[in-house]
1. Which residue, B:Ile238, B:Ile339, B:Ile304, tops the fluctuation ranking in a GNM of chain B built on C-alpha contacts under 10 Å?
2. Per-residue mean of other chain beta-carbon atoms within 10 angstrom of the beta-carbon, peptide B:351-357?
3. May I ask what percent, to the nearest 5, of DSSP beta bridges between residues of the protein assembly as shown are antiparallel?
4. Once R0 is set to 35 Å, what does the formula 1/(1 + (r/R0)^6) return for the Cβ-Cβ distance between A:Lys49 and B:His371, expressed as a FRET efficiency to the nearest 0.05?
5. Distances longer than 32 Å among the Cα atoms of chain B: what percent of all pairs is that?
6. For segment B:51-297, with only Lys/Arg (+1) and Asp/Glu (-1) charged at the beta-carbon, what is the dipole magnitude about the Cα centre, in debye rounded to 20?
7. Once each part is reduced to its C-alpha centroid, what is the distance from segment B:179-224 to segment B:313-367 in angstrom?
8. Calculate the tail of P(r) for segment B:1-142: the fraction of all Cα-Cα distances greater than 21 Å, expressed in %.
Amino acid sequence: MDLYSEIILDHYKHPHNKGKLKNATISVEEINTSCGDSIKLHFLVGKDKKINKVTFEGAGCAISQASASMLTDKLTGKSLKSIEKISNEDVYKMLGVQISPGRVKCALLGISTARKALLKTKK
Amino acid sequence: MLDPQKIKKEFPIFNRKINGKSIVYLDNAATTQKPKVMIDCLKNFYENHCSNIHRGIYSLSEEATEMYESCRKKVAKFINAKSEKEIIFTKNSTESSNLVAYSFGDKFVNAGDEIIVSIIEHHANMIPWQELAKKKGAKLLVIPMKNPAKKDYSLDLGAYKKMLSKRTKIVAISAMSNVLGIKIPVKEIIREAHKVGAKVLVDGAQSAAHTKTDVQDLDCDFFILSAHKMLGPTGVGILYGKQELLEKMPPFLFGGSMIKNVTISKTDYAELPEKFEAGTPNIADVIAFEKALDFLEKVGLKNIEDHEKKLIKEAYRVFSKYKEVDIFLPENLESFGGILSFNIKGVHPHDIADIFNAENVFIRAGQHCAHPLLNALGTNSTARMSFYMYNDFEDIYRAEKALKEVIKIFK
């Protein structure tokens, strides 16, 4: 099946930046209500608002886990504000496969969690 | 004996091809497919009999009323109720359980009382009671499974008996689990509850289309079901209640159709069953539901039960060959209906369902509206195949093909 490309399966089986993060400055969690899967993101943000490190925790399907894994790669070293510039389309492009309507929530779980983190810092 | 190939021909949906391939429908616990006679009846109502019921003094309305009431008689016969006055039409079994939780709960449940449910309940028969307990300051007690870690999913009836007391006002229990397919010994549960004066609601949403229901033999106080899980249309549910109980209960919804006489200061309510059917009901779908029940009777519930037993045994044999597969069934399948929940090591059920979908094998993945049960099983979600009268061994082998594909992709 095309959905399960090598890169997605690779991120699923060997996720990048997975685990807790000591001294995290922001931690947020989001739940996919359709399947109950959850993703936690932990950010270590410097005084310059740069993401020095970001990790994720959670169990879920290949799409949600690979998406979160790729997202942590993408965000590392960027400013927290750069989360704002990542559109849903960018996430689909990052995944590189066709996302059916049923899997949209899975694909976007990581980025929705990151957006929640950004919102938290704005409060 | 029933012939699934012959039965399949009565269901237009199985003419459908997706990507050139026929479909294998294994999500019958969510909703069943619909026979042509039922679909034709819906169309016929709107084309030839469309009118409101219980009020018109003209032929169309009289016909529609007669057709609507004819289904009520049919349902009463189907579950062996004493009288059709005991049959209330709702929109689904969730509304039926809510009706009882609100109406019975309002009148008979007080602070300090106890309500008993089981761990296997669908949210439809769990949350209304949780809410009622919260509202009234009553306590919600939950019957556990015996030993789910060792695949003994039967309910711990010893624990149940200890829970019962004079404080118990109602026991709400499913006749069959929508996740595990296990059949619950409701008759024994009812007998024990009655000893302490508690009432019992049986959730038959999962059982009613697969095994014979006899409410008088069970001696349950309430029985609920959903038409769409038994070949009928969506939007119709049934509440059966013993007449003397329903008569004591206050109405649930208020408005037209459920009244005798209205003044600005006071309203006298209608007799049963109208007292509980406020507003224009789902006339067309109720009428079509009768055709679904006719179809079920023609095939025969005993035949359906036997057929599903064969299917579940074959599915278990086929799926248990694969060491990666964990099946939520014991080896002894005697008290189980046609439902097989499973997980594949290292693969999320959503991915399983997606790969099955690519083979046109439609299964359910997730938490099946039963979060407390999934927690008790120690899993976040499962993949589920649920069978019905039109499924055959070929469907199981198509599912096996999809299973092999999952294992190949994630190896």
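1. Answer for the Gaussian network model of chain B: B:Ile304.
2. Working: counts 13, 1, 3, 10, 3, 0, 3.
Mean shielding by partner chains, rounded to a whole number: 5.
3. Details: 44 of 64 bridges.
For the protein assembly as shown, the DSSP antiparallel bridge percentage is about 70.
4. Details: r = 38 Å, r/R0 = 1.09.
That pair, A:Lys49 with B:His371, gives E of 0.35.
5. Working: 32137 of 84255 pairs.
Every Cα pair in chain B considered, those over 32 Å come to 38 percent.
6. Numbers: 34 positive and 31 negative charges, 217 e Å.
It works out to roughly 1040 debye.
7. Each part's Cα centre sits 27 Å from the other's.
8. Working: 6615 of 10011 pairs.
Considering segment B:1-142, 66 percent of its Cα-Cα pairs are separated by more than 21 Å.
Rule-based calculations on the coordinates, nothing more; no lab input. All figures in this text were calculated on a predicted structure; none of them were measured in a lab. No Cβ is skipped: glycine too gets one built from the backbone with ideal geometry, and neighbour counts run over all protein chains shown.
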